[in-house]
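Remarks on the structure that follows.
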Amino acid sequence: MKSMRTMTRGRLSGFTAVELMVTLAILAILLGIAVPSFSSFTENQRLRAASTDLRTDLTFARSEALKRNQTVSIQRRSAAGWQSGWVVAVQSSGQELRVRNDIGRGVSLTGAADAVTFNGSGRVASPAGNVQFALSASSTSSSGRCVVLDPSGMSLAYAEPCS
């Protein structure tokens with residue numbers, strides 16, 4: 001028969017201080033690699049979402065102009081610029097069809113014109129020529145997207161800054 005002293009000398013399970021420190025060091029290294037990558041990912045998603053919202057509303061304004069056979073415009077909401085949002089409205093009645101609020105933090109949106117107007121045939125009545133909207137990330141100048149509206153009213157988005 002074993003004595004009581006022999007039975008209580010079993011190996012204790014758990015972490016030692018050294019094992020815990022090594023685990024924490026590995027975790028810190030992995031987080032140091034992942035966080036900048038995740039920041040870049042979220043920045044690109046914000047740019048993509050803002051350009052999609054703009055293209056959707058440009059297409060909506062064009063389709064409403066065709067449907068109603070009236071002039072419909074999309075114009076920025078305030079003098080602060082396109083970044084603070086925009087409004088799609090029927091020119092003759094002033095009826096607001098859609099209102100878009102601020103595009104969100106971390107994204108800058110600039111456009112050459114204060115408004116884009118579509119005539120009843122869906123073509124861009126003003127301004128003349130291609131209209132560009134430049135979207136860029138506030139934190140870095142390398143990230144950007146470009147939304148281009150041609151005179152026929154079709155919009156394209158590019159995953160690069162406007163030239």
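The values are calculated or read from the model by the stated rules, or taken from the named source; none is laboratory data. Note that the structure is a prediction, hence the values are computed from the model and not measured. In this analysis, Cβ positions are derived from the backbone assuming ideal geometry, glycine residues included, and neighbour counts consider all displayed protein chains. Just so you know, the surface numbers come from the protein's heavy atoms only, side chains and all, with ligands and any DNA or RNA stripped out. Shrake-Rupley method; radii C 1.70, N 1.55, O 1.52, S 1.80 Å.
Counting only the backbone N, which residues of segment 42-78 are under 13 Å from the spot 7 Å out from the Cα of Glu96 toward its beta-carbon?
The answer is 75-78, whose backbone nitrogens lie closer than 13 Å to the label point.
What is the spin-label model distance, in nm, from Ser121 to Lys67 if the labels are put 7 Å beyond Cα along the C-beta direction?
In this crude spin-label approximation the distance works out to 2.2 nm.
Counting each pair of different Cα atoms once, what's the Kirkwood radius of the chain in Å, rounded to one decimal?
On the way: mean 1/r = 0.0524 Å⁻¹.
So the Kirkwood estimate lands at 19.1 Å.
So what's the net charge close to Arg76: Lys and Arg +1, Asp and Glu -1, counting the other residues with Cβ under 14 Å from its Cβ? Write down the numbers at each step before the final one.
On the way: positive: Arg77, Arg98, Arg100; negative: Asp53, Asp57, Glu96, Asp102, Asp114.
Charge balance in the 14 Å sphere: -2.
What order do you get for 109-119, 18-28 when each peptide is scored by the mean count of other beta carbon atoms within 10 Å, highest first?
Values: 109-119: 18.8, 18-28: 10.2.
Highest to lowest by the protection proxy: 109-119, 18-28.
Convert each backbone phi in segment 80-93 into a coupling constant with the Karplus relation 6.51 cos²θ - 1.76 cosθ + 1.60 (shift: θ = phi - 60°), then list the ³J(HN,Hα) values in order as whole Hz, x for Gly and Pro.
The phi angles translate into 5, x, 5, 4, 7, x, 8, 10, 9, 9, 7, 5, 5, 9 Hz.
Please give the FRET efficiency for Arg105 paired with Val18, using the beta carbon to beta carbon distance and R0 = 45 Å, rounded to the nearest 0.05. Please report the intermediate quantities before stating the final value.
Numbers: r = 43 Å, r/R0 = 0.96.
Efficiency computed from Cβ-Cβ geometry: 0.55.
Could you tell me how many degrees, from 0 to 90 and to the nearest 10, lie between the Cα long axis of helix 17-68 and the main elongation axis, the longest principal axis, of the Cα atoms of the chain?
Tilt relative to the chain: about 20 degrees.
Probe radius 1.4 Å, ligands and nucleic acids ignored: give me the carbon and sulfur share of the accessible area of segment 29-163 as a rounded percent. The partial results should precede the final answer.
Working: 3710 of 7270 Å².
Percent of accessible area from carbon and sulfur atoms in segment 29-163: 51.
Grab the DSSP H runs of the chain that are 4 residues or longer, score each as -39,500 (n - 2.57), total them, divide by all residues and round the 222 nm result to the nearest 500 deg cm²/dmol.
Working: 2 runs with 56 residues, N = 163.
After summing the helix terms and dividing by the residues of the chain, the value is -12500 deg cm²/dmol.
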